[in-house]
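Take a look at the structure below.
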Amino acid sequence: MSLNVVAYKIEAYYSIFGDLLNYIRPFDLGAFQATAWEILKRERSAPTRLEATTLQAFKEAHSWPATQSRFLQALASLEAPQA
């Protein structure tokens, strides 16, 4: 299940949001508009919601503590070995 968000399929977005968003080719305005319109029509007829477990997993993976941990690990990997 995805969120009702349309985004260009750019690696930076996909690496964070995975399959949660509705992706289209980058800079294809027609596809962006058509996808957004289809989502609006679908929501008006039968609303869908993100599953609670998927949302919870996303929240945990992108919480401040989890983000801080990844950031500190990245910094540690950049440190030059002591001679």
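Before moving on, here are some points about what is shown:
- Test: residue in region 26-40 that is surrounded by 11 or more Cβ atoms within 10 Å (Cβ to Cβ), modelled with pLDDT of 90 or more and in contact with a helix residue (DSSP H, G or I) (Cβ under 7 Å, 6 or more places away or on another chain): no
- Against the conditions (1) at pLDDT below 85; (2) loosely packed, with under 12 Cβ neighbours inside 10 Å; (3) not in a helix (DSSP H, G or I), T53 satisfies every one except (3).
- Just one of the listed residues (F27, F32) is over 18 Å from Q56 (Cα atoms), in a loop (DSSP other than H, G, I, E, B) and more than 10 Å from the chain's Cα centre (by Cα), and it is F27.
- Residue pairs whose Cβ atoms lie under 9 Å apart, separated by 6 or more positions or on different chains, with the first residue in region 1-15 and modelled with pLDDT of 90 or more and the second acidic (D, E), are Y8/D28.
- Of the residues making up region 2-22, those that are surrounded by 16 or more Cβ atoms within 10 Å (Cβ to Cβ) and of a type outside the set (F, W, Y) number 7.
The values are calculated or read from the model by the stated rules, or taken from the named source; none is laboratory data. Computed from a predicted model, the values in this text were never measured in an experiment. As a convention, Cβ positions derive from the backbone with ideal geometry for all residues, glycine included, and neighbour counts pool all protein chains shown.
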